[in-house]
Amino acid sequence: MQNKLNEIKEKVLPAIESAKTLADLDAVRVGVVGKNGSLTGLMKELGGLSVEEKKTFGAILNTVKTEIMTAISDKKQALETAELNDRLASESVDVTLPVRPTHQGRIHPITQATEEALAIFAQMGFELAEGPDIEDDWHNFEALNMPKNHPARQMQATFFFPNKNLLRTQTSGVQIRTMENKQPPIRIVCPGRTYRRDYDATHTPMFHQIEGLVIDEKTNLANLKSVLFEFFKLFFETENVKLRFRTSYFPFTEPSYEIDLGGAMANNIGKEWLEMGGCGMVDPRVLKNCGIDPEKYQGFAFGVGLDRLAMMKYGIPDLRPMFEADMKWIKHYGFVPQDIPSMVNGLSMNGGKKCD
Ligand code: DAH
C-alpha cells in the first residue's frame with residue numbers, strides 16, 4: 001500500500017507541476033481523485049484491511065491526498081493568475097490614443113427653433129398644447145369663423161382626404177381644441193406641422209407654425225404686442241428688434257394684424273420688414289363657438305412661422321433643403337444634441353452660432 005502511495009505521489013506531483021493549462025490540471029485531478037482515480041482506488045482497498053492497518057494507512061492516505069489536493073489548488077491559482085496576466089497584457093488599452101470618430105446626429109434647425117421658442121414661452125407662463133395633423137373641418141375652419149362658403153378658405157390651399165378630413169392648414173385649430181376642453185384663464189402655445197399646396201423658395205407643402213392663445217378677463221392688444229416683442233427679443237438674443245403690427249384680416253380675430261419684424265437681427269436677409277405671421281384679438285364668435293362667454297372673457301392669439309424664425313436666426317437662405325434630409329446640409333446647419341436650449345444656460349450655444 002505504502003509503495004503504491006509513493007508511486008502515485010511520484011507520478012502525480014510532477015504531473016501537477018508540469019500542467020500547462022487548467023484543462024491539463026483537471027485531467028490530472030480526475031486521474032487521482034476522480035471516480036476511477038488512482039487514490040480513489042486505494043481508498044476502496046482500505047475496506048479489506050484489518051482495523052489496525054486501516055488506521056495507519058487511512059491516516060497516510062489522507063495526508064497524501066491533502067498534499068496532492070493542496071498542490072492542485074496551488075497550481076490552479078498559479079495558472080489562473082498567469083492567464084489573467086496574459087489577458088491584461090494582450091488586452092491593454094492605450095488611453096492616450098485619440099478617440100475614434102463617431103457618427104453624431106444633429107438637431108434640425110426647426111427642432112432647435114421650436115425648443116428655443118418653447119423655452120421662452122414656458123418662462124412667460126404658457127402651457128404646451130397639441131393637436132392632430134389630420135384635422136376635421138370644424139376645428140380647422142368652421143369654429144374659427146370660416147363657414148363653408150367663406151372666401152378666406154380659398155386663401156389656404158388645402159389637402160383634403162376623401163372623407164372630408166384635411167391636413168391642417170394652420171395650428172389655429174388647437175385654439176378651438178383647447179377652449180372646448182378648458183375654461184379661462186388660458187395661456188397656451190402650440191408648435192406643429194401645417195400643410196398647404198404650395199412650393200417655391202419660401203413655401204413648402206409642409207411647414208411649421210407656433211400658435212399662441214391667451215384668454216382671461218382682462219387681456220388687451222398691448223399685452224399681445226408686449227408678449228410678441230419680448231418673445232422676438234429673447235429668441236433673436238438681441239435688443240435690436242423692431243416689431244410692427246400691420247392691419248390685416250383673419251376671420252377668427254378682430255382686430256387682426258400681420259406681424260412684421262425689422263431691425264438688424266442676426267441674419268436679416270436685407271429687407272426692411274419681414275412678415276412673420278398673424279395675430280389679433282380673438283373674435284367673440286370664436287369664443288362662443290367653444291362655449292366661452294364673450295361678455296366675461298376676451299383674449300388674443302397669434303400664429304408665427306417657425307421655419308422662417310429658424311431661417312432668419314440661423315442664416316438659412318432657402319426653405320426647401322430643410323426637408324430634403326441631406327446629410328451635408330444637416331451637418332452644416334444642425335445643432336449638437338447636448339446643447340439643450342434653456343433660459344438659464346442660454347438658448348443656443350455661442351449666441352446662435354453653431355458649434356462643430
Ligand atoms: N392661422 C393664420 C395663418 O396660418 C395665422 C394666424 C393669424 C394665427 C392670426 C392666429 C391669429 O392665431 O390670431 O395664416
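Every read-out reported here was derived from the displayed coordinates using simple, explicitly stated rules and does not represent laboratory data. All values derive from a computational prediction rather than experimental measurement. Don't worry about glycine lacking a Cβ; one is built from the backbone with ideal geometry, like all the others, and counts go over all protein chains shown.
Across the cross-link table entries Lys182/Lys242; Lys55/Lys76; Lys20/Lys44; Lys9/Lys54, which are compared at the Cα atoms, the separations over 25 Å belong to Lys182/Lys242; Lys55/Lys76; Lys20/Lys44. For the chain, a crude dipole built from +1 on the beta carbon of Lys and Arg and -1 on the beta carbon of Asp and Glu, taken about the Cα centre, is about 320 debye to the nearest 20. In the range 109-350, the DSSP beta bridges split such that about 95 percent are antiparallel, to the nearest 5. Roughly how far apart, in whole Å, are the Cα centres of the range 167-187 and the range 274-293? So the separation of the two Cα centres works out to 10 Å. Compute the FRET efficiency between Arg193 and Ser73 as 1/(1 + (r/R0)^6), taking r as their Cβ-Cβ distance and R0 = 56 Å, and round to the nearest 0.05. The computed FRET efficiency comes out at 0.20.
Could you tell me how many degrees, from 0 to 90 and to the nearest 10, lie between the Cα long axis of helix 2-18 and the main elongation axis, the longest principal axis, of the Cα atoms of the chain? So the inclination is approximately 30 degrees.
What Kirkwood hydrodynamic radius do you get for the range 2-90 when you take the inverse of the mean 1/r over all pairs of distinct Cα atoms, in Å? Working shown, then result.
Details: mean 1/r = 0.0709 Å⁻¹.
Evaluated over the range 2-90, this radius sits at 14.1 Å.
Between Ser50 and Lys288, the contour length at 0.36 nm per residue exceeds the alpha carbon distance by 74.4 nm. Within the shell of other residues whose beta carbon sits under 15 angstrom from the beta carbon of Ala117, the net charge comes to -3, with Lys and Arg scored +1 and Asp and Glu -1.
Placing unit charges on each Cβ (+1 for Lys and Arg, -1 for Asp and Glu) gives the chain a dipole about its Cα centre, and among His332, Ile210, Thr253 the Cα reaching farthest toward its positive end belongs to His332. Each Lys or Arg adds one and each Asp or Glu takes one away; over the other residues whose Cβ falls under 14 Å from the Cβ of Asn36, this sums to +2.
Taking Lys296 as the anchor, which aspartates and glutamates have their alpha carbon closer than 19 Å to its alpha carbon, excluding any fewer than eight residues away along the same chain? Correct list for Lys296: Glu180, Asp216, Glu217, Glu254, Asp283.
Taking the helices alone, the chain has a mean residue ellipticity at 222 nm of -13000 deg cm²/dmol, built from -39,500 (n - 2.57) per DSSP H run of at least 4 residues and averaged over all its residues. Using the Cα centre of the range 57-103 as origin and beta-carbon charges of +1 (Lys, Arg) and -1 (Asp, Glu), tell me which of Ala82, Ala59, Leu97 is placed farthest towards the positive end of the dipole. Checking the options against the dipole of the range 57-103, the answer is Ala59.
Against the longest alpha carbon principal axis of the chain, how many degrees, from 0 to 90 and to the nearest 10, is the axis of helix 109-124 turned? Around 70 degrees separate the two axes. Only Lys, Arg, Asp and Glu carry charge here, each on its Cβ (+1 for the first two, -1 for the last two); on that basis the range 2-90 has a dipole of about 240 debye about its Cα centre.
Using Cβ contacts closer than 10 Å as the measure, can you line up Lys54, Lys313 from fewest to most?
If I rank by nearby Cβ atoms, fewest first, I get Lys54, Lys313.
Over the chain, the reciprocal of the mean inverse Cα-Cα separation, the Kirkwood hydrodynamic radius, stands at 26.6 Å.
Taking the number of Cβ atoms within 10 Å of each Cβ as an exposure proxy, the fewest-first ranking of Phe161, Phe121 is Phe161, Phe121.
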